[in-house]
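For reference, the structure is listed below as structure tokens.
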Amino acid sequence: MKLQSDVDVVALNAVARGPNLTPLHNKQRTRKVEEVVDGLRLDADAVLRVRGVFEQEMEAGRLDQPSSLQMENTFIPELLDGTENGSFMALDLGGTNFRVMNLVLKDGRLVDENIAFYHVDDHLRIGCGYRLFDFLAECIADFVHKQGLGSGRLPLGFTFSFPMTQSSLDDGKLVTWTKSFNCPNVVGMNAVQLLRDALAKRGDVNVDVMAVLNDTAGTLVKGSYLDRDCAIGLILGTGSNACFLEHAHLAKNNSHLTHGEKDVIVDIEWGAFGDNGSLDFIRTEFDDSVDEVSVIPGSFTFEKYIGGKYLGELVRRALVRLVGDGLLFSGTSSAELNTTWAFTTSMVSHIEQDNLDGLHRNTREILDSFNLNFDADDVLIVQWVCQLASNRAALLVSTCLAVLLDRMERPTATIAVDGSVYQKHPRFKALLEKYTSMLAPKRKRKFLLAEDGSGKGAGLVAAIAEKLRLRNNNSSL
Ligand code: BGC
């Protein structure tokens, strides 16, 4: 049976739920374990329903009707055209590290770059927003001085990887913090202005903040630098989100498009997908309990199903429940396993490597580090739970990507991807390939790693903004 854009539902059903648990010594135990984690397994019906809801929410979002998807116009007016020259600074705030960099472009090609990493302490990530922006300004000044960038004007692009409402390239009002940031007193404010104010207070550098963008947009722009067919920017890291080249006439706030633009980069903000309850039909008790311990409970439903910040904790919650039911580790947990956030997504990746290799070494090492007593069946269960959580995440991401591929109707589309889950999870890329080809069978697609797209993309967008500034200056002469 072929339905919805030629999806082969029978074939999808055969794989969507992920593999079965290898039978344990005790049949009843096998069955009970399967029952406890069954909610993490989506069948084709559920996948197609997610797909339908995503389409509806995108449509409502773009029309400014109630929706969990923002569909924000990024106001990036064009991509690189090979005429960009000069030195551009970039900031990248949103993931684990804060980066400051300087890129030198010659005829649109990157010829030199310098990057510095700064650690953002917990007390800066959670607390007063002005203090956070003062810290960003301090890092910029440190970088400018150490790199000897001088006192001339330095155009800068700012990747700020949080939901924003944009009314121009240099106006991005923070909608809410996500991931591990929460500085409530600056919510609703323009991130560019906050940074400009913090820099002006110091007065020791001549940095001109030209543009603010999301990391997905940076990744798309970096992707388009590598491959002209690039049409989607995807982040699979601590958090998750995507942007895509939307038909210009379908983008909201498109009245600034007066030069016959065909496409606009739209930031979906899919991390919030389902915040209005529209995805509750796939929600499990494990998702509920991850949400409860997150920095901002009740928000970013979809991101909590797929983001690197949460996958490990999701697995840990499932394991703890299995222990509580006497189905794992003979019913005895450890203080380490009972610790919130102790089971990381990088551990899930290591265990998934065992699954790929048909080995148990990584899994045993990790369980040892949690001071657990385990046997061969326990190892199989832990490996299986990691596989199910990873499979569900990849399937959900692919479902949404398939919608984008169908919506753009391009003969071929490259998906530029960045982020730790994509880069470090040994199975994610293959799962995305498999599921997107099943869910958008008519669309040619290619995944492309756009390393550091979020940071370098900001430099490239600053170059585009600078080019436009010069063009406008010349035309007004
Ligand atoms: C933010 C997005 C961002 C994504 C990936 C989410 O939490 O809301 O703006 O693109 O994380 O970093």
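Remarks
- Scanning the stretch 78-128 for residues that are within 16 Å of the ligand (Cβ to nearest atom) and farther than 16 Å from Val221 by Cα turns up Leu93, Gly94, Gly95, Thr96, Asn97, Phe98, Arg99, Val120, Arg125, Ile126.
- Test set (1) in contact with a strand residue (DSSP E or B) (Cβ under 8 Å, 6 or more places away or on another chain); (2) over 20 Å from Ser180 (Cα atoms); (3) open to solvent by 10 Å² or more (accessible area, probe 1.4 Å); (4) not in a loop (DSSP other than H, G, I, E, B) - Glu138 fails condition number: (1)
- Options Arg51, Arg41, Arg62; residue that is of a type in the set (D, E, K, R), in contact with a helix residue (DSSP H, G or I) (Cβ under 7 Å, 6 or more places away or on another chain), open to solvent by less than 50 Å² (accessible area, probe 1.4 Å) and within 19 Å of Val175 (Cβ to Cβ): Arg62
- Pairs meeting the criteria (first residue in the stretch 381-409 and of a type in the set (Asp, Glu), second residue open to solvent by less than 10 Å² (accessible area, probe 1.4 Å), beta carbons under 8 Å, at least 6 apart or on different chains) are Asp406/Ala440.
- Phe133 meets each of the listed conditions (1) in contact with a helix residue (DSSP H, G or I) (Cβ under 8 Å, 6 or more places away or on another chain); (2) open to solvent by less than 10 Å² (accessible area, probe 1.4 Å); (3) within 16 Å of the ligand (Cβ to nearest atom) apart from (3).
- If the condition is being touching a residue at least 40 places away in the same chain (Cβ under 8 Å), within 18 Å of Ser390 (Cβ to Cβ) and among the acidic types (Asp, Glu), then the stretch 292-326 contributes only Glu303.
- The test for being open to solvent by 20 Å² or more (accessible area, probe 1.4 Å) and more than 30 Å from Gly86 (Cα to Cα) holds for Lys444.
- Within the stretch 280-311, the only residue that satisfies the criterion of being of a type outside the set (Phe, Trp, Tyr), farther than 21 Å from Met164 by Cα, within 16 Å of the ligand (Cβ to nearest atom) and assigned to a loop (DSSP other than H, G, I, E, B) is Gly308.
- Search result, residues across the stretch 227-240 that are modelled with pLDDT under 95 and away from the ligand (no atom under 16 Å from the Cβ): Arg228
- Complete set of residues in the stretch 314-349 that are part of a helix (DSSP H, G or I), over 24 Å from Gln28 (Cα atoms) and open to solvent by less than 50 Å² (accessible area, probe 1.4 Å): Leu314, Thr345, Met347, Val348, Ser349
- Residue in the stretch 204-223 that is of a type outside the set (Lys, Arg), assigned to a loop (DSSP other than H, G, I, E, B), without any contact (Cβ under 8 Å) to a residue 60 or more places away in the chain and away from the ligand (no atom under 11 Å from the Cβ) present: yes
- One residue stands out among those in the stretch 261-279 that are assigned to a loop (DSSP other than H, G, I, E, B) and surrounded by fewer than 24 Cβ atoms within 10 Å (Cβ to Cβ): the one that is nearest to the ligand (Cβ to nearest atom), which is Asp275.
The values are calculated or read from the model by the stated rules, or taken from the named source; none is laboratory data. Note that the coordinates shown come from a computational prediction; the quantities given were computed from them, not determined experimentally. Reconstructed Cβ throughout: ideal geometry from the backbone, glycine too, with neighbour counts over all protein chains shown. Ligands, DNA and RNA are excluded from the accessible area calculation, which covers all protein heavy atoms including side chains. Shrake-Rupley method; radii C 1.70, N 1.55, O 1.52, S 1.80 Å.
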